[in-house]
1. Please list, ordered by first then second residue, the pairs with beta carbon atoms under 8 Å, 6 or more apart or interchain, first in region 134-161 and within 13 Å of ILE220 (Cβ to Cβ) and assigned to a helix (DSSP H, G or I), second hydrophobic (A, V, I, L, M, F, W, C) and open to solvent by 20 Å² or more (accessible area, probe 1.4 Å).
2. All but one of (1) more than 16 Å from LEU242 (Cα to Cα); (2) buried (at least 17 other Cβ atoms within 10 Å of the Cβ) hold for ALA179; which doesn't?
3. Please go through region 150-169 and give me each residue that is open to solvent by less than 40 Å² (accessible area, probe 1.4 Å) and among the acidic types (Asp, Glu), ordered by number.
4. Has region 103-125 got at least one residue that is of a type outside the set (Gly, Ala, Ser), outside any strand (DSSP E or B), at pLDDT below 60 and surrounded by fewer than 17 Cβ atoms within 10 Å (Cβ to Cβ)?
5. The conditions are (1) touching a Gly at 6+ places or on another chain (Cβ under 6 Å); (2) open to solvent by less than 70 Å² (accessible area, probe 1.4 Å), and SER204 fails exactly one of them. Which is it?
6. Mind checking which residues of region 164-209 are in contact with a helix residue (DSSP H, G or I) (Cβ under 6 Å, 6 or more places away or on another chain) and at positive phi?
7. Tell me the residue from SER54, SER22, SER40 that is at positive phi and either surrounded by 15 or more Cβ atoms within 10 Å (Cβ to Cβ) or at pLDDT below 95 (or both), please.
8. Within region 207-243, restricting attention to residues that are touching a residue at least 60 places away in the same chain (Cβ under 8 Å) and in a helix (DSSP H, G or I), which residue is surrounded by the most Cβ atoms within 10 Å (Cβ to Cβ)?
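The values are calculated or read from the model by the stated rules, or taken from the named source; none is laboratory data. Since the model is a prediction, treat every value here as computed from it, not as a measurement. Backbone-built Cβ (ideal geometry, glycine too); neighbour counts: all protein chains shown. Just so you know, the surface numbers come from the protein's heavy atoms only, side chains and all, with ligands and any DNA or RNA stripped out. Shrake-Rupley method; radii C 1.70, N 1.55, O 1.52, S 1.80 Å.
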Amino acid sequence: MELEISKQEFEAAIPAAREPKSQIYSAIRPFLLAKADLLSTQVLGVPGTEAAESGTDDLCGQVRSCVKRLVCVKAFLEEMRGLDLVLTATGFGVVSTQNTAPASKQRVDALEGQMRRLERLLTGQLLTLLFQVPGWSRTAQRQSCVATLFYEFGMLQQFAGISHPKSEDWDVAVPSMFAADAFLRKHLGNAYMDELLEQLTSSSLTDDNSPIVVMCQRYIGAYVAQNMRLKEETYMQLINRLEADLTKYPTYAHGEGYQLNHFTPYENHAEDSAFHFVG
């Protein structure tokens, strides 16, 4: 991937790396291209890469800016432990003399925690931008990066009530996200959930489906938070919204989820040829 990142752009992405001698930037720069290529393969795909490399409209400019910031953060995170960081008046620098002591482990750990949180936030911002890039929603990268409607780090605070979440909070929440998604797919139908995902990731949500997506995200958040009352209330609101006017939601109405929700148990009648007498 062709992506040139200047010292100014690097330090704007990582304020803690600002220092006049450019030692941190010089140390990280050889790794930027590899991180950009990996991001292209894993997240951007062909449509996103083309937008970041050569697009000229405002959206492409936003994608390019976000990609550069994310590449800087990813490269810094991977190499920071080997830089012998030292705390300076403006942030962190690199140990250059025997009379300068490295920054404490506690400070470096805190910096790493901040950077990993920033990495999650930037990834969410990038994904939201990619939703607007034509063709991205149909890529393998979309299927990998946005497997459920609960796709963005900030949703932990917005829907799961986790105040100032840390990067590791996302890892802990992932199994619950997929369990909640599996429940919704069972009761709303795979076809309808796929329809919602496709519309979300192509910025084409209809007026009817937009509130359904928010309810699903709220349900997954309640599942992550293990808030059983909110989970049940949100699910009932979701079903009631869908079934208030099924003509607005034909994919749900003709899917396996609707059939499951309206399953009629077998009734034993005396006139049936296979009547079972109990008594």
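1. Note: pairs meeting the criteria are LEU156/ILE162; LEU156/TRP170; LEU156/VAL224.
2. ALA179 satisfies every listed condition except (2).
3. GLU152
4. no
5. (1)
6. Within region 164-209, GLY189 is the sole residue that qualifies.
7. SER22
8. ILE220
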